[in-house]
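One structure is given below, encoded as structure tokens.
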Amino acid sequence: MTTNPDLLRGSLEPIVMEVIAGGATYGYEIAKAIGEASQGKLLAQEGTLYPALHRLEKKGWLAANWDVSPEGRKRKHYRLTPLGKKQRAALRAEWTEISRMVNGVLGMESTGWHAHGFAWA
């Protein structure tokens, strides 16, 4: 099953922040972790991942420093700032509430439409 990209729009930044919350990391590791955690369903391409990282850095939610890989390549390590940690907690709470609401509408919770006698036509 292919994931509809429209359903994922706006969720990359919180996902990236969750990965980085596990410890300072760089772009390739972030993309790999997202792919592995989603069983290959979510792929963070360079063209979307790096702009998201730059937005988060610009907002002050991430800090970064450069280092050199064992192979001699420069790479940028990202970590959550104190403000980023607060924002991560807020985004998690918001995501939990949105998920609960959507699941309710889709009848995936006992408080959903089906529990109230509604059904899809």
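Sequentially through segment 35-44, phi angles give Karplus couplings (6.51, -1.76, 1.60; θ = phi - 60°) of x, 5, 5, 9, 6, x, 7, 10, 10, 8 Hz, Gly and Pro residues having no value and appearing as x.
Shown here: segment 51-109, whose C-alpha atoms stretch 52, 25, 17 Å along the first, second and third principal axes, sorted largest to smallest. Compactness of segment 9-98 was expressed as the Cα radius of gyration divided by 2.2 N^0.38 Å, which yields 1.06.
No lab work stands behind these numbers, since they all come straight from the coordinates. Keep in mind that this is a model prediction, so the values were computed, not measured.
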